[in-house]
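Remarks on the structure that follows.
Just so you know, all these numbers are worked out from the coordinates, no wet-lab data involved. What you see is a predicted model; the values in this text were computed from it and never measured. Please note: Cβ atoms are built from the backbone with ideal geometry, for glycine as well, and neighbour counts cover all protein chains shown.
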Amino acid sequence: MFIGISLFNLSNLLYHFFMIRALPPIDYGHLNGLIALFMIISVPASTVQTTATKFVSSFQAQNQFGHVKSLLRHLLLLMSTVGLSLFLLISLGSSFISSFLQISSYGLILLLGMSLFFAMVIPVPWGGLQGLQKFGSLTLTLLINGGFKLALGILFVFFGLGVMGAIAAVALSYFITTLFSLLLLKRTLPKENKIADQERNPAEPSYNFSAVYRYFFPVGLTLLCFMVLTNIDLILVKHFFMPIEAGYYSIAQMVGKIILFLPLPIVMVMFPKLSSLEGQGEKALSTLGKSLGIAVFLCGGAIILSLLFPSLIIRILSGKVYLECLPLVGMFSINMALFSLTLILLHYHLSTRKRWFLYPLFFFTLIEIGLIILFHNTLNQVLWVVGIVAFCLAVINFYLAYRPAQSEKKE
C-alpha cells in the first residue's frame, strides 16, 4: 500500500512539476486555486469514503456482505444525485467563482464542475475496496487516476491548451477511474459473498441506514475542517494578493503539500484496522503510536531537507529558482508536517465513539479563516497564522487521544 500510494503521489507530483514548468506563475496560480477549491468542495465525497470504509469493515468482520452491497448501492445513488446537483450549482455560479478567484475563463469553472461530479461518485467504490481491505485493488485504481491525469495533462498542455487542458485532464482521469473502480468492486463482492455464505445463514435482515447517516456528521465536519485548514490559505491569498504573488505562494506550497500527503498510506491502512479494533483501547493506541512514529520519521526528514536546501527544492520543482518562494518553503514544511500528524490523530478519533475533538477542530478552523482575513499584509504573515493553528491542533488532539487512556489505567 505504501509503495502504491507513493507512486500515486509521485504521479501527482510530476503533474505539478510539469505544470509549474510549462505554465507561467500566474496561470499556475489559477490552476492551484481551482484545485484547492476542488479539495474543499469534494469534502462530502471524502466523508462518504470514510463512512463506507467504517461500515463495510464492520460488516465484513460479521460476514454481513448483504449489508455491504445494500449500503454501497444506496451510497452510489445518493452521491450521483449530489454530484449532478453540485455540477448544476457550479455552472450557475461560475461568474461569481471566476470573479472571486480573479480567473477570466468560465470554461475552467465548468470543467471544475465536471471533475467534482465524478469526485462525488468515486469514493463509494474506493470506500468499499478499502473497507474490504482490498488494498491492492484500491492502489491500482489510485495509480490509474494519477497516471491518466499526468499523461493527459502533459498531452493537452503540450498541444497548447494551457490551464484548460490541465483541468480537463483531471476531469477525464476521474471519469476513467470511476468506471474502473466500480468494475473492480463488482468483481470483488461476489467472491466475498461466496466465502461468507459458508459461514452464516442465507437469510439476512435488511439494514437500517440511520446509523450511517449519524456517522456522516462527525466525519463530514472533520474532513471539511481539515480541508479548509489546509487549503483556505491558498484561496484567500488568491483573493487578497496580486496574481503573481499567489503564483509564488502556490509554487512554495507544493513543498508543503508533498509533506502533508507523505503519511497518507499510513492513514488509509490504519483507519480500517482501528475500526475493526473498536472497543480494544490498548491495541488501538498501539496502532496509533506506530502510525505516528512512522509519520514523524518521514515528515522530520522532509523538514530537514526543506530547511537546508530550499533553493534546490524550488529548482527541482519549477526548473527555476524563484527568490520570492525561498522564505516560504521552511514554514510550509513545518506547517504541513503538523497537519499530517493531526490527520492521523483525527482518524483515530473517528474510529472511536468520542466526539470531543470536533469542538477545538471547528473552533480553530474559524480562527484560521478570521486571522488570515485580518492579518494578510505579507505572505509570511499568512504562513505564521497557519503555523500557530496547526501547532495548537496537533497538541490538543494528541492530548485527547492519550490522556483518557492514562486516566483509565490509573483508575
Expected-Rg normalisation [2.2 N^0.38 Å, Cα atoms] applied to the range 1-207
1.13
Let me check against my output: what whole-number percent is the relative contact order of the chain, with C-alpha pairs under 8 Å and at least 6 apart?
22 percent
Above 34 Å lies some portion of the pair distances; for the chain, what is it as a whole percent of all C-alpha pairs?
29 percent
Taking the range 215-411, the whole-percent share of alpha-carbon pairs separated by over 32 angstrom is 19 percent
Rounded tilt (10° steps) of 2-22 against the dominant C-alpha axis of the chain:
20 degrees
How large is the Kirkwood hydrodynamic radius of the range 8-100, in angstrom, based on all distinct alpha carbon pairs?
16.3 Å
With a 10 Å radius around each residue's Cβ, average the other Cβ atoms per peptide and rank 381-391, 92-102, 288-298, 327-337, highest first.
327-337, 381-391, 288-298, 92-102
At a 10 angstrom cut-off on C-beta neighbours, averaged per residue, how do the peptides 84-90, 154-160 rank from highest to lowest?
84-90, 154-160
Could you tell me which residue out of THR53, LEU86, ILE396 lies farthest along the dipole of the chain toward its positive end? Charges go on the beta carbon: Lys and Arg +1, Asp and Glu -1, centred on the Cα centre.
THR53
Cα-centred dipole magnitude for the chain, charges only on beta-carbon of K, R (+1) and D, E (-1), debye, nearest 20
740 debye
What is the distance in Å between the Cα centres of the range 107-123 and the range 355-408?
30 Å
Past 20 Å, Cα to Cα, is the threshold; run LYS134/LYS186; LYS54/LYS134; LYS134/LYS257; LYS69/LYS186; LYS273/LYS354 against it and keep the listed order.
LYS134/LYS257
Cβ-Cβ FRET estimate between PHE375 and PHE216, R0 fixed at 41 Å, reported to 0.05:
0.75
Quick one: which of 72-82, 233-243, 258-268 comes out on top by average Cβ neighbours within 10 Å, and what's the full order, highest first?
258-268, 233-243, 72-82
The range 48-102: Kirkwood hydrodynamic radius (Cα pairs, Å) comes out at 13.4 Å
Over the chain, with a Gaussian network built from C-alpha contacts below 10 Å, which listed residue (THR50, THR188, THR177) shows the highest mean-square fluctuation?
THR188
Range of Cα positions in the range 214-256 per principal axis (Å), largest first:
44, 22, 8
